[in-house]
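Have a look at the structure below, then the notes.
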Amino acid sequence: MKKVFVLIGMMCVALVGRADGVNFSDAAEKTVNTVVHIQAEIVTRGNSYYDFFGPLLEQIYGGRLQVPDNVSVGFGSGVVISPDGYIVTNNHVVENARKIVVTFNDKHKREATIIGTDPTTDIALIKVEATDLEYLTFGDSDKVRVGEWVLAVGNPFNLTSTVTAGIVSAKARNINILGEGTIESFIQTDAAVNPGNSGGALVNTNGDLIGINAAIASRTGSYEGYSFAIPSNIAKKVVEDFLLYGSLQRAYLGIIPAEITEEFAEQKNLDMLSGVYVNDVFDDGAAQKAGIKKGDIILSINNITVDTRTQLIGAIGQFRPGDKVIVKVMRGDKERNFTVTLANMHGTESIVNGGESFYNEKLGLVLEPLSQELKNTIKKNYGLKIVEVKDGIFKRKGLNNDFIILAVNNQKVSSEQELNTALSNSRNGKVRIEMSDTTGEFMTIFEFYSR
């Protein structure tokens, strides 16, 4: 039977005490009151008949069709990270939720609002109105060592404040569960984690938060030996981005990396198997501007050793555009250090504001990413709001700025880069755009042929 990776929604069995002289009790006591149970009420249209025939029926009969919402309830965990009620969890626990109820270890409940969500790291930040809550502080996940004892705390199968113990089995794991363009650099452990644990805490024996539990390797949907957590350094950076800038600030090195296997080393005439090979550099990218060249081998980022593509992505994922990092490379038989100023998705060093608008010439539209309020309204975590209709296909068709573009050529879009990529993937010049109005109640499909 094939093993699959499963994003989880709860957490696991109590084991506190000592193992090989390690005391788990203090860390467990410090953690259990900071990990909460999350119940998310999620709305999906999910009506395949409407999705297929809706636009046609609306054209035939005029007006909007009233389609009942499909409501489901999901469960997961979260970690309180401040006394005033900020809670970090997984994006997949609260994505598209219209109502979130948080239950604390003392059984009291509070409704939460979404502050920010990021599918590329599977991190979300929510908040309840509170003061003087017990909370965890972020530890340094870069200092976590393979073989180190850890505790996983969460709410598996709706069992609150459950603790399990294990060791760190590996670091910088990429299990290809979040999709393209994401940051996967998981901490792998053998601490038991089950459905409901998503968003729970992975802590060291000092009780420091070193990871957010996210997934398991399983053929049954339940724990079978390995679980995976998002490193705290990545989670902390995403949370700070939400609080400081309102959106994720993704930094790019501007290279195409390749892992050095024995076969690859033979092919490229390399006498080493460590590091990450620079297969190419982007023109005017951060690496090229700093002097890094095709054929260099990256050994470390700010003294963090990188031997795999996943380690490289995880290391860069802790920084923002404009941050300077020291990249150690091997060029020929000599080591060199380069100071690289990282760039954003547009190739500049500026911070990208959450609501920053941009113009797309092909569509003749000024667009901007959705605010969290608008995401909550339409019950979707993606889309681009039309700000202004200029000369172009939309204006010729008489469409106005009361619409949100959700997907282009069957690809969800949330940024200028995603829109440009989706537009370039048209077949025979045909462009298919899925849109909703700003209430999320009216859906339509607009198709045209580009020249």
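None of the figures in this text is laboratory data; all of them are computed from the coordinates on show. Because the structure is a prediction, the values reported are computed rather than measured. Note that we place each Cβ from the backbone using ideal geometry, even for glycine, and neighbour counts take in every protein chain shown.
Just to confirm the filter: which trypsin sites (Lys or Arg not before Pro) across the range 385-419 are DSSP coil and have at most 10 other Cβ within 10 angstrom of their Cβ?
Passing both the DSSP loop test and the Cβ count: 397.
Could you tally the net charge around residue 330, taking each other residue with its Cβ under 14 Å from the Cβ of residue 330, Lys/Arg +1 and Asp/Glu -1? Walk me through the intermediate numbers first.
Numbers: positive: 268, 293, 294, 328, 331, 334, 336; negative: 271, 296, 307, 333, 335.
Neighbourhood net charge equals +2.
Based on Cα coordinates alone, diagonalise the gyration tensor for the range 278-371, multiply each eigenvalue by 5, take square roots, and list the semi-axes in whole Å, largest first. Can you show the working numbers first?
Numbers: eigenvalues 189, 43, 25 Å².
In descending order, the three semi-axes are 31, 15, 11 Å.
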Which lysines, if any, have their Cα less than 27 Å from the Cα of residue 99, not counting same-chain residues under 8 positions apart? 107, 109, 127, 236, 237, 375, 379, 380, 385, 412
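For the range 84-166, state which GluC sites (Glu not before Pro) are in a DSSP loop and have at most 10 other beta carbons lying within 10 Å of their beta carbon.
Values: sites: 95, 111, 129, 134, 148; in loops: 95, 129, 134, 148.
Those that pass, being in a loop and sparsely packed, are 129.
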For residue 350 and residue 264 in one chain, what is 0.36 nm times their gap in residues minus the Cα-Cα distance, to one decimal in nm? 27.4 nm
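With N residues in the range 358-449, what two-decimal value do you get for its Cα radius of gyration over 2.2 N^0.38 Å? Don't skip to the end; give the middle numbers.
Working: Rg = 12.0 Å, N = 92, 2.2 N^0.38 = 12.3 Å.
In units of the globular-protein estimate, the range 358-449 measures up at 0.98.
Given R₀ = 35 Å, FRET efficiency for residue 326-residue 167 by Cβ-Cβ distance, to 0.05? Please list the in-between numbers first.
Working: r = 31 Å, r/R0 = 0.89.
In this case the efficiency is close to 0.65.
How much length would be gained if the chain were fully extended between residue 284 and residue 132, taking 0.36 nm per residue of separation minus their Cα-Cα distance, in nm to one decimal?
Numbers: separation 152, 0.36 × 152 = 54.72 nm, distance 4.84 nm.
Gain on stretching residue 284 to residue 132: 49.9 nm.
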